[in-house]
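Asker: One structure, pasted below without further comment.
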Amino acid sequence: MLASYTRPTNTLLARCRRSATTDSATTDRYDMADYPSDGATLAAEPSVTELSTAEPSAAETLAAEPLAATPLADFSAATDREPGAMRPRTVREAVALAVSRYRPRSDSPDPARDQALVASVASHSERVADSLDTVIGAIPKGGTVADIGGGLTPCCHALSLLGYRTLLIDDFGDRGYADAAWILDQKRRDGVEIRSCDVLSSVPLEESSVDAVITFDCLEHLHHSPKAMLRQCVAALKPGGFFFLGVPNCVNLRKRLTVPFGIGKWSTMADWWESDVFRGHVREPDVEDLAYIAKSLGLENVRIFGRNWLGYESRFGFVRLLTPAGDRILRLFPSLCANIYVCGTRPAA
């Protein structure tokens, strides 16, 4: 799912072209024994071989069309690298390259809307790159990654450009997706396999078939328990496979400071009241919830950590200026961060 806020920033796309050092900040530790397990080991979930039979949307129709692949050598023109380079060399370069591939159609009925959509996707480039650094450090080179609810974000696209096999799984039902088929077109041309379905009904992945499952800024939009869905995701991992979940923190520091003053609503009244189907945030977790989820899923090597992307992506320049200093401090206390993550591995045996 594309995040609800759509604030374009040019600095993030420029920043994602540069390499960054690995963050080694200390994170809070949580004793997983404090959280009850649902029971025994993960049960095998039924495999899914067929997707929804409902009338396809424009995005779904596009996802099913065979598309010619674009030679990777052509990608070098989109960056300041030397001509003839075959693949991006870093995650940040891959993200910038993926975003640069989203060129609005020449025959678009609304070029301004298309440009705003690309700016929205680009505004999340740094958070995408940061997350993908974690992913590629945990799986084999060229492995298979499934992105649940990734929507228009460049996660799968960047990984595909780096040589990984990628599966983008979403219902593509968010507002504006019907006008974004050209972005999905480019993802598909560059190697992303797109599967359209309602993931709460069934996840279209075979058991023990992927090296990593990632899902960012999706869980909080679901109207029903994600327990069965996430269990299917873990069952789809190969033994030792990597699970990575990211969500907004319902009790971050900003909310703790502003809610007493009556400030803190995420969705507008119009988004909730006027929509036939509400697609906004239903329930945001906190770090205790992520620890509970990890215990319930039977994950090993669990790590919970925080980031503060809302500050970096703020429309206010002074907030973006102050965020790096505050972010370094808040990362020591994930329970206060704006964005929280849990990662772990499926047991090897």
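The values are calculated or read from the model by the stated rules, or taken from the named source; none is laboratory data. Please read all numbers here as calculations on a predicted model, not as lab measurements. No Cβ is skipped: glycine too gets one built from the backbone with ideal geometry, and neighbour counts run over all protein chains shown. Surface areas here come from the heavy atoms of the whole protein model, side chains and all, with no ligands, DNA or RNA. Shrake-Rupley method; radii C 1.70, N 1.55, O 1.52, S 1.80 Å.
Asker: How large a share of the accessible area of segment 123-188, in percent, is made up of carbon and sulfur atoms when the probe is 1.4 Å and the other protein chains stay in place?
Answerer: Ligands and nucleic acids excluded, carbon and sulfur reach 46 percent.
Asker: Show me, for segment 168-179, the HN-Hα J-couplings you get by feeding each phi into the Karplus relation (A = 6.51, B = -1.76, C = 1.60, θ = phi - 60°), rounded to Hz, glycine and proline as x.
Answerer: Whole-Hz 3J(HN,Hα) from phi for segment 168-179: 9, 10, 6, 8, 6, x, 5, 4, x, 5, 4, 9.
Asker: Just need the Rg to Rh number for segment 132-242, please, alpha carbons only, Kirkwood Rh.
Answerer: 0.94
Asker: Could you report segment 113-230's accessible area per residue, 1.4 Å probe, as an integer in Å²?
Answerer: Details: 3430 Å² over 118 residues.
Accessible surface, normalised per residue, equals 29 Å².
Asker: Determine the per residue accessible area of segment 250-349 with all protein chains present and a 1.4 angstrom probe, expressed in square angstrom.
Answerer: 56 Å²
Asker: Now for a separate question. T166's amide H: which non-local residues (gap 5+, or another chain) put their own amide H closer than 5 Å, with H modeled 1.01 Å from N in plane and none for Pro or chain starts?
Answerer: V145, E193
Asker: Once the Cα gyration tensor of segment 232-339 is found, what semi-axes does its equivalent ellipsoid get, as square roots of 5 times the eigenvalues, in whole Å, sorted largest first? Don't jump to the answer; show the numbers that get you there.
Answerer: Details: eigenvalues 153, 89, 33 Å².
Whole-Å semi-axes of the equivalent ellipsoid: 28, 21, 13.
Asker: Which percent of Cα pairs goes in each bin when the distances of segment 214-281 are cut into 5 angstrom slices starting at zero?
Answerer: Going from the shortest bin to the longest, the percentages are 3, 13, 17, 17, 18, 14, 9, 6, 3, 0.
Asker: Take the Cα radius of gyration of segment 160-217 and divide it by 2.2 N^0.38 Å, with N its residue count; two decimals is plenty.
Answerer: 1.20
Asker: So which lysines can K265 reach, going by Cα to Cα under 28 Å and dropping same-chain residues fewer than 8 places off?
Answerer: K227, K255
Asker: So, one more: With a 1.4 Å probe and every protein chain kept in, tell me what percent of the accessible surface of segment 269-349 is carbon plus sulfur.
Answerer: Carbon and sulfur together cover 60 percent of it.
Asker: Could you order F278, F333, F244 by accessible surface area, starting with the largest, using a probe radius of 1.4 Å?
Answerer: F333, F278, F244
Asker: Okay, moving on. Extending each Cα 7 Å along its Cβ direction at R175 and S225, get the distance between those two points in nm, one decimal.
Answerer: 3.1 nm
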